[in-house]
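Below: one structure, written as structure tokens.
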Amino acid sequence: MAAFSARATENSLDKIVEDPRCGRALTWIDSSAEWVTSQQVRLTEIPAPEFAETRRAEALREIFAANGFQTRTDSSGNVIAERPGSDPDSVILLAAHLDTVFSGGTDVRVKREGTRLLAPGISDNGAGLGALAGLARAIAESDIRTRKTIVLAGDVGEEGEGNLRGMRALVNEFGSHLAAVIAVDGPSTEFITTQGIASRRIEAVVTGPGGHSWSDFGIPNPISAIARGIVRFTSMRLSLSVRSTYNFGTIEGGTSVNSIPARAAVKVDLRSESEAEAGKMETALRQAMQDGLRDEEAAFDAPGDALKLSFVSLGVRPAGKLPADSPLLAAVRDVDRFLGNRSHIERSSTDANLPLSLGIPAMALGGGGRGGGAHTLNEWYDPTGRELGLKRLFLIALSLAGLDR
Ligand SMILES: [Zn+2]
């Protein structure tokens, strides 16, 4: 992190906005919101379930390449676009996740209703991907040169069970060259997400002999055992000192209504502002599931090893927090003041967790416009006013990267 000096930014914002090249980019943004939206629609209509982001990545790579960026795809599937600065050892990374929570067969065609666009993934993270496309084009239109290298990336594995593997690969690759990382996620320009929430995603699997519902009655039932474990866990009190949440997200098992299942599994998402609290919740969850198993065995006077319990870790997101006096935060505040954008500090679980946990200055910002219904089939996005988000990202990127003649 040597590259990020105590000086807030390479140039004062005043100097940047006076530069005619910057003026060209802002003018382009004002007249081209529709182009940005059309890129967003095109990318959203290419399905990108977890672990199947390749086609969408390729489409984004073409947009970056058409705007003069050096592009490539890394071994994890990230698309990386670079615009080298005069000091190539120092990198400003802006990354938007490519993946969605929706499975392959989901209808992702974009429908229009008034000013709204409707489609699964149109906002999360169509808004972020569209913004990166707009940013690439604005930089190209301005023909601006920077000191630090600007890297734009569409990264894989942010949602669900991706476990931030895309961002992990980016941080590994650029390592100590990273001066700042901005995850562009969703639309909102009201938030500056500087705190990463710790999360643990765990699957608990219970197996047993299984059998016939009538003739084998008395064999402990994995589904009942899981239900007992859930009741035990949800009856506990969470610590009130920090905000923590849990969600039993999916449950599956069994083969037919008249068979005692031989297997059942539940997936759980635990989150907390505090790493320690997330760890405590995980320990409590494991204990509750174990106790649920014993309860089920005891209910049928079954031997203590009739059921087997195992856990699979589906993902660990470390917590992290950008210091309040961080130059990165000061740069964003400057830009918000200049644009008249009211914003406030937020916490969330995003790609920014990873760099934050390693002490790399990072945050998550929205790409502009408005949206809602994320992670549901009713997801929507309204591009009205998206210019603000694009200008914001452009000015932040430039003030972090610094102008070069
Ligand atoms: Zn997202």
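Read the figures in this text as sums done on the coordinates, not as results from a lab. What you are looking at is a predicted structure, and each value in this text was computed from that prediction instead of being measured. Reconstructed Cβ throughout: ideal geometry from the backbone, glycine too, with neighbour counts over all protein chains shown.
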With springs connecting C-alpha atoms under 10 Å apart, model the chain as a Gaussian network and identify which of Thr350, Thr146, Thr234 has the largest mean-square fluctuation.
Thr234
Under 5 Å between amide hydrogens, which residues at least 5 positions from Thr189 or on another chain qualify, with H placed 1.01 Å from N in the peptide plane?
Gly368
Computed over the chain: longest principal axis from alpha-carbon atoms vs helix 327-339 long axis, angle to nearest 10 degrees, is 60 degrees
How large is ³J(HN,Hα), in whole Hz, for each residue of region 255-269 in order, when computed from phi with the Karplus curve 6.51 cos²θ - 1.76 cosθ + 1.60 and θ = phi - 60°, using x for Gly and Pro?
10, 7, 5, 9, 10, 6, x, 8, 7, 8, 8, 9, 10, 10, 10
Taking θ = phi - 60°, what integer Hz values does the Karplus form 6.51 cos²θ - 1.76 cosθ + 1.60 yield along region 48-59, in sequence order, with x for Gly and Pro?
9, x, 3, 6, 9, 9, 4, 5, 5, 4, 5, 5
Please work out the FRET efficiency for the pair Glu190 and Arg263, using the Cβ-Cβ distance as r and a Förster radius of 51 Å; give the result to the nearest 0.05.
0.70
Where the centroid of each part is defined by its Cα atoms, how far is region 74-121 from region 325-389 in Å?
15 Å
Which aspartates and glutamates does Lys308 reach when only Cα atoms under 20 Å apart count, and residues fewer than 8 places away in its own chain are ignored?
Glu203, Asp216, Glu252, Glu282, Asp291, Asp295, Glu296, Glu297
Within the chain: Cβ-based charge dipole about Cα centre, in debye rounded to nearest 20 (Lys, Arg +1; Asp, Glu -1)
540 debye
Out of Ala25, Met363, Gly175 - ranked by how far each Cα lies towards the positive end of the dipole of the chain, with unit charges on the beta-carbon of charged residues - the top one is Ala25
Return the FRET efficiency for the residue pair Ser176, Lys15: r is the Cβ-Cβ distance, R0 is 25 Å, and the value is rounded to the nearest 0.05.
0.35
Which residue, Ser259, Gly292, Ser235, has the largest displacement toward the positive end of the dipole of region 198-317 when charges sit on each Cβ (Lys, Arg +1; Asp, Glu -1)?
Ser235
Extend 7 Å from the Cα of Thr384 along its Cα-to-C-beta direction; within region 88-119, residues with backbone N under 17 Å of that point are 112-118
In order through region 211-216: 3J(HN,Hα) via Karplus (6.51 cos²θ - 1.76 cosθ + 1.60), integer Hz, x for Gly, Pro:
x, 7, 5, 9, 6, 9
Cross-link reach from Lys321 to lysines, straight Cα distance under 28 Å and at least 8 residues apart if same chain, gives Lys148, Lys267, Lys280, Lys391
Specify which residue in the list Gly385, Gly166, Gln40 is farthest towards the positive end of the charge dipole of the chain, using unit charges on the beta carbon of Lys, Arg (+1) and Asp, Glu (-1), about the Cα centre.
Gly385
Taking amide H positions as placed 1.01 Å from N in the peptide plane, with prolines and chain starts having none, which residues 5 or more places from Arg243, or on another chain, fall under 5 Å of its amide H?
Glu273
Of all DSSP beta bridges having both residues in the chain, the percent classed as antiparallel (nearest 5) is 70 percent
